[in-house]
Amino acid sequence: MRKIRIDIPLVWLVVGSFCLIEMLILWAFHRAGDEHWRQNYVFGASLVAGAFGLYSYMKGIEEERSQRADKLIERWNNPTLAALKNRLRAVIEQQLDPSSIMRNAKGVQLTKDILEARADLIGLLGFFEEMALAIKNRTADEGKLKSFFESAVSQSFGNLEQWIVNERKVDNDYTYYVELQWLAQRWKQ
């Protein structure tokens with residue numbers, strides 16, 4: 001015999017529960033003869049309606065976070081980032097040594113190839129910084145982003161950590177990529 005399985009999303013179960021509770025309160029209100037009980041039922045219905053409003057609000061926030069995560073994933077998959085991702089892939093696969101594109105001092109003249117490689121890495125690290133800030137500020141769904149980006153973030157930071165430390169020293173600005181560092185450490189645990 002084949003089993004029939006019905007999957008009802010949690011949101012509909014919650015909405016149905018709120019509606020059922022409201023109908024029960026309405027039924028009790030109409031059956032109550034005493035004005036005191038009727039006021040209690042009105043108060044109870046108000047509480048349930050308020051709880052439903054809060055639930056709807058929280059669900060909306062959750063959906064917005066999920067959409068923001070989707071937008072970051074969509075941007076990552078956009079062909080315009082292919083050059084940046086290829087540069088990162090070269091670093092991860094040890095075809096490009098990050099120390100070969102480090103600066104020794106501020107304002108030092110670099111070749112066009114080194115400048116392009118640095119620009120690609122800076123663009124990619126900037127993307128990860130943006131994502132880390134979205135997670136830290138709770139404006140994007142961390143679970144969704146972690147399942148998609150965990151490997152890329154850990155490999156990027158792991159392979160570029162010395163390059164980042166050097167950039168901080170050269171510019172005497174120790175805030176470079178601190179959000180990415182925070183995220184890499186958070187996801188490492």
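Details
- Selection status of Ala105, surrounded by fewer than 16 Cβ atoms within 10 Å (Cβ to Cβ), more than 30 Å from Glu64 (Cα to Cα) and free of Cβ contacts under 8 Å to residues at least 24 places away in the same chain: no
- Meets criteria (free of Cβ contacts under 8 Å to residues at least 60 places away in the same chain, loosely packed, with under 15 Cβ neighbours inside 10 Å and within 30 Å of Ile164 (Cβ to Cβ)) for Glu74: yes
Here's the yes/no breakdown for (1) assigned to a helix (DSSP H, G or I); (2) over 31 Å from the mean Cα position of the chain (by Cα); (3) at pLDDT below 85; (4) of a type outside the set (Gly, Ala, Ser):
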position: Met1; (1), (2), (3), (4): no, yes, yes, yes
position: Arg5; (1), (2), (3), (4): no, yes, yes, yes
position: Val14; (1), (2), (3), (4): yes, no, yes, yes
position: Ser46; (1), (2), (3), (4): yes, yes, no, no
position: Gly50; (1), (2), (3), (4): yes, no, no, no
position: Arg68; (1), (2), (3), (4): yes, no, no, yes
position: Ile73; (1), (2), (3), (4): yes, no, no, yes
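- From the options Leu110, Leu10, residue that is aliphatic (A, V, I, L, M) and surrounded by 10 or more Cβ atoms within 10 Å (Cβ to Cβ): Leu110
- Top-ranked residue of segment 16-43 - restricted to ones that are polar (S, T, N, Q) and over 17 Å from Tyr55 (Cβ atoms), ranked as modelled with the highest pLDDT: Gln39
- The number of residues in segment 18-41 that are assigned to a helix (DSSP H, G or I) and surrounded by 13 or more Cβ atoms within 10 Å (Cβ to Cβ) comes to 11.
- Entry remark, segment 170-189: residues being at pLDDT 95 or above and loosely packed, with under 13 Cβ neighbours inside 10 Å number 1 in total.
- Tallying residues that are closer than 27 Å to Glu62 by Cβ and touching a helix residue (DSSP H, G or I) at 6+ places or on another chain (Cβ under 8 Å) within segment 153-185 yields 7.
- Taking residues in segment 53-66 that are within 13 Å of Leu10 (Cβ to Cβ), and partners anywhere that are assigned to a helix (DSSP H, G or I), the pairs with Cβ atoms closer than 8 Å and at least 6 places apart or on different chains are Tyr55/Val14; Tyr55/Phe18; Lys59/Val11.
- Any hit, segment 131-141, residues being buried (at least 18 other Cβ atoms within 10 Å of the Cβ), outside any helix (DSSP H, G or I) and at negative phi: yes
- Residues of segment 87-102 classified as in contact (Cβ under 8 Å) with a residue 24 or more places away in the chain, assigned to a helix (DSSP H, G or I) and surrounded by 10 or more Cβ atoms within 10 Å (Cβ to Cβ), total: 6
- Taking (1) part of a helix (DSSP H, G or I); (2) surrounded by 14 or more Cβ atoms within 10 Å (Cβ to Cβ) in turn, Leu115 satisfies each apart from (2).
The values are calculated or read from the model by the stated rules, or taken from the named source; none is laboratory data. Note that the coordinates shown come from a computational prediction; the quantities given were computed from them, not determined experimentally. We place every Cβ from the backbone using ideal geometry, glycine too, and count neighbours over all the protein chains shown.
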